[in-house]
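J.: Here's a structure for you.
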Amino acid sequence: MFSVKYSGLGVSMQLSSMYPVIMTDRIAETAAFYIQHFGFNATFESDWYVSLRHATAQHHELAVLDYSHVSVPVAGQRPTTGLLLNFEVEHVDALYTRLITEAGLPVLLDLRSEEWGQRHFITADPNGVLIDVITNIPASEAYSAQYTGAHE
């Protein structure tokens, strides 16, 4: 499908970090949501920005930013929309019970297994950012052939 492959940039680009930043006007509520339900800890807190790092997987980070802050160009000063965060976990069924049944988070897509190799459900954060909680399972034969091995 994709014939273009990364072949270098001609200059050194040693990526040291990459993480999503959710732009909202609900900074504290959003940070508290990810801390309470998804195991993040705050590494920096202000009234306009909170940096989060996962408690047990330190290389996973997330940030929350006031979209009206001066650091955001005027053309981009609006809440985040159209974002889907994937959280790959070992036991999606147990998390479904904890997050949906016990904590009462909204169900946007109920727990199910997919042919392409995922068992998952989708919920949302206080801003409407979609959260897909996934456990990888064996893909069907038809989908197995589509995996390229590039991630190995």
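The values are calculated or read from the model by the stated rules, or taken from the named source; none is laboratory data. Since this is a predicted model, take the numbers as computed values, not measurements. For neighbour counting, all protein chains shown are included, and Cβ atoms are generated from backbone atoms with ideal geometry for every residue, glycine included.
Each row is one residue, and each column tells you yes or no for (1) outside the structural domain of R119 (by the TED database); (2) within 19 Å of the chain's Cα centre (by Cα); (3) at pLDDT 95 or above.
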{"position": "S71", "(1), (2), (3)": "yes, no, yes"}
{"position": "E88", "(1), (2), (3)": "no, yes, yes"}
{"position": "D93", "(1), (2), (3)": "no, yes, yes"}
{"position": "T97", "(1), (2), (3)": "no, no, yes"}
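J.: Six or more apart or on different chains, Cβ atoms under 8 Å: show the pairs whose first residue is in the range 116-136 and over 15 Å from E88 (Cβ atoms) and whose second is of a type in the set (D, E, K, R) and surrounded by fewer than 19 Cβ atoms within 10 Å (Cβ to Cβ).
T.: P126/R26; P126/E29; N127/R26
J.: Under the condition of being modelled with pLDDT of 95 or more and of a type in the set (S, T, N, Q), which residue from the range 103-152 is surrounded by the most Cβ atoms within 10 Å (Cβ to Cβ)?
T.: T123
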